[in-house]
Amino acid sequence: MGTAMVAGFWRSHARASRRAWAYWFIAPTTLAIFLIFCYPLGVALWSSLHFDVMIRPTLYRFIGLGNYTAVLGEPRFWAALQTTAIFFLATVGATMLLGLIVALRLNRDFGRWNWIKPLFLIPMVVTPIVVGIQWKFMLNSQMGVITHFARVLGLPVSAWLTESRGAMFWVIAVDVWYFTPIVILLFSAGLAAIPGEVLEAARVDGASEWQTLWHVTLPMLKSIAVTALLIRTIGGLRTFDTILVLTDGGPGRVTEVVNLFAYRLGFYYFDMGKASALGWVMLVVAVILVLIYIYLLKATAESSTAVAR
């Protein structure tokens, strides 16, 4: 009896010791997450509940949800939100569609085009600020490359980034150019994972190429599509630096998205309280969208498992 108790004690001690070592191993990562992610969010939340204007430090005080009601009652916020929605829907929709089309094309001629897939990573290794600078030079109305080719082809040339419709079009086009490659690679990986026997069985049953795509290929790409949509949603909602370099929200406020408005509130008007409140509003919107996507991803995975059984 005594021996069993001693053995049980030592086993319990060994488990506790392993658990303690596990905590020590994850401690650096936990600390890094807290310092990089949780602490700034907490500071922003605290600031959003206070009158925090840097040029008026003596007026710093707690005002509760005052910053949130002020931001939500600001017409400029709703204009920026509308611009963000247009930008988000256009870029996400175009990126997903182009990514799928190109991936399907590459998958048809796998052997011939396989070498080109690594080249799709090139835009992703360039920082958004550099991307904005490059495109701003190319769109220069006097000596830009795009302007030059437009003249060669006899197309009308204009100040691409200083006209309302042109500015919005090119801001969307640059974002689509930047993010489409990662969507292509995701869909390519999903297409490569589809068993050849499934496609062959569809052809044997007399399905046309379009029917195979619609009833076999696309349903089996649902989980990849939701993952790509999740990545694009996060990228679309946090877009800021490329637009800042390209148009600075202009002409006027035609391309001013919510993130750019928050930046101006904080660093032009020094109203960190309203800027933090606006950041938290967009964080809540992003979290809601991400939760919806996670639910869709989970539902897709469960349906796929049910079909497999």
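The values are calculated or read from the model by the stated rules, or taken from the named source; none is laboratory data. All figures in this text were calculated on a predicted structure; none of them were measured in a lab. Reconstructed Cβ throughout: ideal geometry from the backbone, glycine too, with neighbour counts over all protein chains shown. Note: accessible area is taken over every heavy atom of the protein model, side chains too, but ligands, DNA and RNA are not part of it. Shrake-Rupley method; radii C 1.70, N 1.55, O 1.52, S 1.80 Å.
Points to keep in mind about this one:
- Residue list for the range 160-171, filter: surrounded by 22 or more Cβ atoms within 10 Å (Cβ to Cβ) and β-branched (V, I, T): V171
- Scanning the range 298-307 for any residue that is of a type in the set (D, E, K, R), modelled with pLDDT under 85 and open to solvent by 60 Å² or more (accessible area, probe 1.4 Å) turns up at least one such residue.
- Residue that is within 25 Å of L98 (Cα to Cα), part of a helix (DSSP H, G or I) and touching a Lys or Arg at 6+ places or on another chain (Cβ under 9 Å), where the choices are L296, L289, L265, L229: L296
- Among (1) in contact with a helix residue (DSSP H, G or I) (Cβ under 9 Å, 6 or more places away or on another chain); (2) modelled with pLDDT of 80 or more; (3) not aliphatic (A, V, I, L, M), the one test that S158 misses: (2)
- Count of the range 68-100 residues which are without any contact (Cβ under 8 Å) to a residue 24 or more places away in the chain and part of a helix (DSSP H, G or I): 8
- Restricting T255, T242, T217 to those that are of a type in the set (S, T, N, Q) and not in a helix (DSSP H, G or I) reduces the list to T255.
- Number of the condition not met by A207 [criteria: (1) open to solvent by less than 30 Å² (accessible area, probe 1.4 Å); (2) on the phi < 0 side of the Ramachandran plot; (3) small (G, A, S); (4) not in a helix (DSSP H, G or I)]: (1)
- In the range 247-271, the residues that are open to solvent by 30 Å² or more (accessible area, probe 1.4 Å) and basic (K, R): R253
- Subset of the range 20-67 that is part of a loop (DSSP other than H, G, I, E, B) and of a type in the set (V, I, T) - its residue that is farthest from Y269 (Cα to Cα): I63
- Single unsatisfied condition, L244 versus (1) closer than 18 Å to W170 by Cα; (2) open to solvent by 60 Å² or more (accessible area, probe 1.4 Å): (2)
- Considering the range 224-241, and only residues there that are open to solvent by 10 Å² or more (accessible area, probe 1.4 Å) and of a type in the set (S, T, N, Q), the residue that is nearest to the chain's Cα centre (by Cα) turns out to be T239.
- Within the range 55-74, the set of residues being among the polar types (S, T, N, Q) and surrounded by 10 or more Cβ atoms within 10 Å (Cβ to Cβ) comprises N67, T69.
- Comparison of V152, V157 shows that the only residue that is touching a Lys or Arg at 6+ places or on another chain (Cβ under 7 Å) and either open to solvent by 30 Å² or more (accessible area, probe 1.4 Å) or free of Cβ contacts under 8 Å to residues at least 60 places away in the same chain (or both) is V157.
- Scanning the range 132-147 for residues being assigned to a loop (DSSP other than H, G, I, E, B) and either buried (at least 18 other Cβ atoms within 10 Å of the Cβ) or free of Cβ contacts under 8 Å to residues at least 12 places away in the same chain (or both) gives a total of 5.
- Taking each residue of the range 25-54 that is surrounded by 11 or more Cβ atoms within 10 Å (Cβ to Cβ) and looking for partners that are of a type in the set (V, I, T) and outside any helix (DSSP H, G or I) with beta-carbon atoms closer than 9 Å, six or more apart or interchain, yields L49/I63; H50/I63; F51/I63.
- Residue match in the range 116-128 (condition: at pLDDT 85 or above, part of a helix (DSSP H, G or I), out of contact with any Phe, Trp or Tyr (no Cβ under 6 Å at 6 or more places or on another chain) and on the phi < 0 side of the Ramachandran plot): yes
- Selection count, the range 210-223, where residues are open to solvent by 40 Å² or more (accessible area, probe 1.4 Å) and touching a helix residue (DSSP H, G or I) at 6+ places or on another chain (Cβ under 7 Å): 2
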